[in-house]
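Below is one structure, written out as C-alpha cells; the observations come after it.
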Amino acid sequence: MPIIVNLDVMMAKRKMSSQDLAEKVGITTANLSILKTGKAKAVRFSTLEKICDELDCQPGDILEYQRE
Amino acid sequence: MWNKDKSLILSRILTLAAAMAAVIVAIFIPAISEWYQFEMAAEANSFFDRSTMFIPMCITLYVCDALALAALWNLHILLRNISKDEVFIQNNTNCLRRISWICMGVGVIMMLFGLWSSIFIFFGMCALMFGLIMRVLKNVFEKAVEIKSENDFTI
C-alpha cells in the first residue's frame, strides 16, 4: 500500500512505549501493533485524533504517501 | 423454543441424512437403472436407443452420487465453521465455490445423459441453475469476507 505509517518514528521521538500509547489512546496493543506494522486497512478519525493529541503531532507526521 | 442453534443442528442432521441416503442409493444404482430402463418406457423421446441406456445411466448415477457426497462434505465443513461462529472466512467461500462447480458438473453430466432420456436435460438445467445461484452466493460471501477483513483491520 502506498500509505506508510511512521508511528514508530514519532513514538521514538516522543520516547513513548507501545503500551503507554495504547493505554492513552484507548486501543489494544495488538491493534497498535497492526497500525505500526502497516497491516491496518483504515484508521478512524477519532483514533488518529487521539494519537496526534498524545504524541503532540500532525496526521502528516504519522502518515506518508509514497507513489508506487 | 426454536432458535438458531437448533436450526443449525437440524441442518447438520439433514446433511448427514442426505449423505446416508446417497450411500444407500449408490448400492441400488444398477437396480434403479434397470427399473428405469424397463419401467419408464413411456417417457419422452431420446436421441439414442433406450436399450443402450443401462451402462450410461449407471455411470451417470455413480458420478452424480459421488459428486453429491463431495457437495455434502463441503456443506458439512460449512456448517461446522458456522457453528464455530466462523462465518465470513475464506474457507467457507472455497466450500461454496466447490459446491457451485459440483452442481454445474452434475448439470452437465445429467444433460449428457439426456441423450438417452430427455427428462434428464430438465434435471441438468435445474442443477446448472442451482450451481449458478451457489456461485452468486459465493461472490456475496467473497465480498463479505473482504468487508469483514477491512472492518477487522480498521483501528
Angle between the Cα long axis of helix B:4-27 and the longest principal axis of chain B, 0 to 90 degrees, nearest 10?
30
For chain B, build the charge dipole from Cβ charges (+1 Lys, Arg; -1 Asp, Glu) around the Cα centre, then report which of B:W35, B:L78, B:Y62 sits farthest towards its positive end.
B:L78
Under 18 Å from B:K138, Cα to Cα: lysines that are on another chain or at least 8 residues apart
B:K148
Considering only DSSP states other than H, G, I, E and B, which GluC sites (Glu not before Pro) in the stretch B:1-78 qualify as loop sites with at most 14 other Cβ atoms within 10 Å?
B:E43
Taking only the alpha carbons of chain B, what extent do you get along each of the three principal axes, in Å, biggest first?
68, 31, 24
What residue among B:L112, B:L128, B:L96 shows peak mean-square fluctuation when chain B is described by a Gaussian network model with Cα springs under 10 Å?
B:L112
Amide H neighbours of A:L63 under 5 Å, at least 5 residues apart or on other chains, H built in the peptide plane: list them.
A:N6
As an exercise, identify the trypsin sites (Lys or Arg not before Pro) in the stretch B:1-97 lying in DSSP coil whose Cβ has no more than 13 other Cβ atoms within 10 Å.
B:K84
Over the Cα atoms of the stretch A:1-63, what radius of gyration and what Dmax do you get, in Å?
10.4, 28
If the convex hull is drawn through the Cα atoms of the stretch B:74-153, its volume per residue in Å³
68
For the stretch B:1-83, the spread of Cα positions along each principal axis, largest first, Å
53, 24, 22
Pop out a list of residues from the stretch B:110-155 that are at least 40 Å² less accessible with all the protein chains around than in their chain alone; 1.4 Å probe, no ligands or nucleic acids counted.
B:F153, B:T154, B:I155
Helix B:29-39 vs. chain B, principal-axis angle (Cα, 0 to 90°, nearest 10)
50
Coil-residue chymotrypsin sites (Phe, Trp or Tyr not before Pro) of the stretch B:4-64, DSSP, other Cβ within 10 Å capped at 14
B:F28, B:F47, B:F48
How far is the Cα center of the stretch A:1-36 from the Cα center of the stretch A:52-68, in Å?
11
Kindly provide the Kirkwood hydrodynamic radius of the protein assembly as shown in Å, to one decimal, from all pairs of distinct alpha carbon atoms.
22.2
Relative to the longest principal axis of the C-alpha atoms of chain B, give the angle of the C-alpha long axis of helix B:54-83, reported between 0 and 90° and rounded to the nearest 10°.
10
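The values are calculated or read from the model by the stated rules, or taken from the named source; none is laboratory data. Keep in mind that what you see is a predicted model, and the values were worked out from it rather than measured. Here the Cβ is made from the backbone with ideal geometry for all residues, glycine too, and neighbour counts use every protein chain on show. To get the accessible areas, we keep the full protein, side chains included, count just its heavy atoms, and leave off ligands, DNA and RNA. Shrake-Rupley method; radii C 1.70, N 1.55, O 1.52, S 1.80 Å.
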